[in-house]
1. Suppose each label sits 7 Å from its Cα in the direction of the beta carbon; what would the Asp257-Lys437 distance come out to in nanometres?
2. If the cut-off is 12 Å between C-alpha atoms, which aspartates and glutamates fall inside it for Lys392, apart from same-chain ones fewer than 8 positions away?
3. Go ahead and run the numbers for FRET between Asn361 and Lys199, Cβ-Cβ distance against an R0 of 60 Å, rounding to 0.05.
4. What FRET efficiency comes out for Glu596 versus Ser426 if R0 is 56 angstrom and r is the Cβ-Cβ distance? Round to the nearest 0.05.
5. Under 20 Å between alpha carbons, and skipping anything fewer than 8 positions from Lys702 in its own chain: which aspartates and glutamates qualify?
6. Restricting the calculation to Cα positions, tell me the Rg (one decimal) and the Dmax (whole number) of segment 364-523 in Å.
7. Could you work out how much longer the chain between Glu116 and Val131 gets when fully extended? Use 0.36 nm per residue separation minus the Cα distance between them, nm to one decimal.
8. Stretched out fully, how many nm does the piece from His321 to Arg239 gain, at 0.36 nm a residue minus the Cα gap?
Amino acid sequence: MAASKFKGMRNREAARYARWSAGIAFVICVAVIGVYLQRRMSGRSSEKKVHPVPEAVAQQSAGFTISRAIGPQTIFTVHASQATEFKDQNRSLLENVNITIYGPRGDRNDSVHAGECSYEPTTGSIRCQGVVQIDLRNPGQKAGAEKKELHLETTNILFEHDSGRVSTENPVTLKFPGGVGTGTGLVYEPQTENATLEKNVELEIQSPSQSNATPVHISGSALEFRRSQNLARITGPVRVQQDDRTLTAGALQLQLDAAMQPARAVATGNPEVIVRSARGSMSLAADQMTTDFAPSGVIEEISADQDVRADVSARNGGENHLSAQHMQVLMNSDKQQTDAREILAQNGVKLTMSRAGSRGNLTTENLRVELSPDEGGRGERIASAETLAPAKLTLSKAAETDEIEGGNLSATFGVNDQISDLRGASGVRVNRMLGSKPPETSTAQDLLAIFQPDGSWRTIDEKGNVTLQQGTKRGTANSATMVRATNDITLDGAASVDDSSSHLQAEEIDINEAKNELRAHGNVTAAFASSQGQIRTNAQAGATHISADEMSGTSPEKPVSGTSSGVGHAIFSGRARMWQGPDVLQAQTIEFWQSEQRAEARGGVLGEFLDTPHTQKQIELTSGKSSPKNSSPVLWQVRAPQVDYWGAGERMEWAGGVDARSSEANIQSRTMQMFFTRQNDSQVLERALATGGVRVEQNGRKGMADRGEYVAREGKFILSGGQPTLADGSGNTATGRELTFFLANDTILIDSQNEARTITKHRAEK
């Protein structure tokens, strides 16, 4: 009867043993944290002992075994070397208990061993007293095989009959090839397949055998394993420590792969990573951090989301601060190490770099940073950085601020994380601010800036539709080069510089702001407005234009008309040519002062000018009346070694032997002054005054004097000084203190010594 009753008890509780065994197996997964387990299953041999049956014992049996199967599949097997049922204690005792769990698919081979367990019929609970050992194997492993597995030890496990809940309040230890762990309190809920280590969770995980990294220490308040999702969650405060690297978080969630290895870890609750080394310190904080692992166990990628903040402090005092909404850190997993090789930041990216006396700020929506090992191989340094979206970089040092904007910016860095060069593409804009000076702005398609060790730029090269702007001054070119040390700016290829009162263009223009110098080379052309005018283009009417092979000059000391001028004083050399409207002046060299509107031409000077349309008075001796007759302007060509021009006074002074010719007359003299008047934004010759050996030829007549004056409006010549003489081709000659003759006819006015006026027509009396 007792044997029959015990046998019935065994059949009724088989399902309970199955749930209890499965619960223990799931609990073991909590501590694995995704790492394969290594341990040889030790076969335990129990000696069968034969004791006499006490009076309190109702029944004893040896070699107890019970199994549960669904169809042909065995789910679990419980084996005890001996079972004892007590009459007066209302319990049964199982000794040397081994439980093997195969699972509903037969793909597990987990085992549980306890010295003894008791069954309490009144509560339906099963308690395993003393040490309980549990081994969890990977799919396909057999008991005792040389395979990786997890070994768990605890004491006094309680299995609850009604709920199937497995629990203990005692410490739990974990042992596995990848490390060890401890915790306090264990709860397994078979309905949800969730298992929890309730408090004091401590894990030490060894790095993969291919890696030389030191162990990782993990601590937390509790650990929950969701077996249906292959997911482990450690609640906080959580702390992960490896060498000088520390992670703190409110919670850490670990996703395991099919082989129970870590595939992904997610840290939440204000996670922060801090790294300290001899080179300085680094911290990374965000609302959430995610780590992806390679099959070898090393980290492949770390990503951070929402309010991401990274701070790097160098031992030399430099600091970098990076913020974004999303950040990825890619690791050198192919080399079996955990060195970071690349950082990607997205959405609202802001980077601040501080060095002694200098500061840089970068804003963009997408940033890529490449890292490389530092010189000592104990950390990483920034090798390069590139924006994958439009960006703005601001560099500040002392009283100087440079703002660089571009569709794409990329930089390389030196061994001290100091920027060495910066490249811009897809449209670049640079704003440079120096103290109280007006901002300097430049735009181009591409940019290359080379930097000095102190963080300030050394040279800037811009290419493609370059424009420079400062106040009213503007420059354009195919390319531009700026040199900080010498303050030089070189514009190359279709270069031009202009402001409100001047315009200069050439194949190349060099500007030195420190020395206030300006040089132009190749096909130089310039245009200058008068002191009261403004100029916008080189072809504007009324402006003074000059062309040459070369030009060198300076800006004016005082602005013209209250505005800054590009050229104040300039020397044009090599086929120099100056013109205003139809008036032209050519020479080897033309020197020009804009503020004075003055020019000096030297070497083979040739000038071409129109005179004022004149009205010739026809003298009728018989009637004493005159009748007006309009004429067209006359083109004069004047040659001399040199000439001085005053635009404000609208006059020119020729010297060194002058030869002036037109279709109506020729004039030779040692010097000549020409006076102009302005008509319709152009200057036309009003009169000319020749001195020194004056010779005039007109319509076959030849005149000589020390002084000769030509009045364009009246079309007449006045000879005076010395012994004025006028002769025609027929041998007729007229002399007097002053001789006046007209271009349109043979009329001559003679002023004699006694100032009596004699008028002759056609032929002068001897």
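What follows draws every value from the coordinates through simple rules; no lab data is involved. These numbers come from a predicted model, not from an experiment. Neighbour counts are summed over all protein chains in view; Cβ atoms, including those assigned to glycine, are modelled from backbone coordinates with ideal geometry.
1. The modelled label-to-label distance comes out at 6.0 nm.
2. Output for Lys392: Glu365, Asp402, Glu403, Glu405.
3. 0.85
4. Numbers: r = 46 Å, r/R0 = 0.83.
Efficiency at R0 = 56 Å is approximately 0.75.
5. Asp659, Glu664, Glu714, Asp728, Glu738, Asp746, Asp751, Glu765
6. Just the Cα atoms of segment 364-523 yield Rg and Dmax of 17.1, 62 Å.
7. Extending this stretch completely gives an extra 4.5 nm.
8. My answer for the length gained is 27.2 nm.
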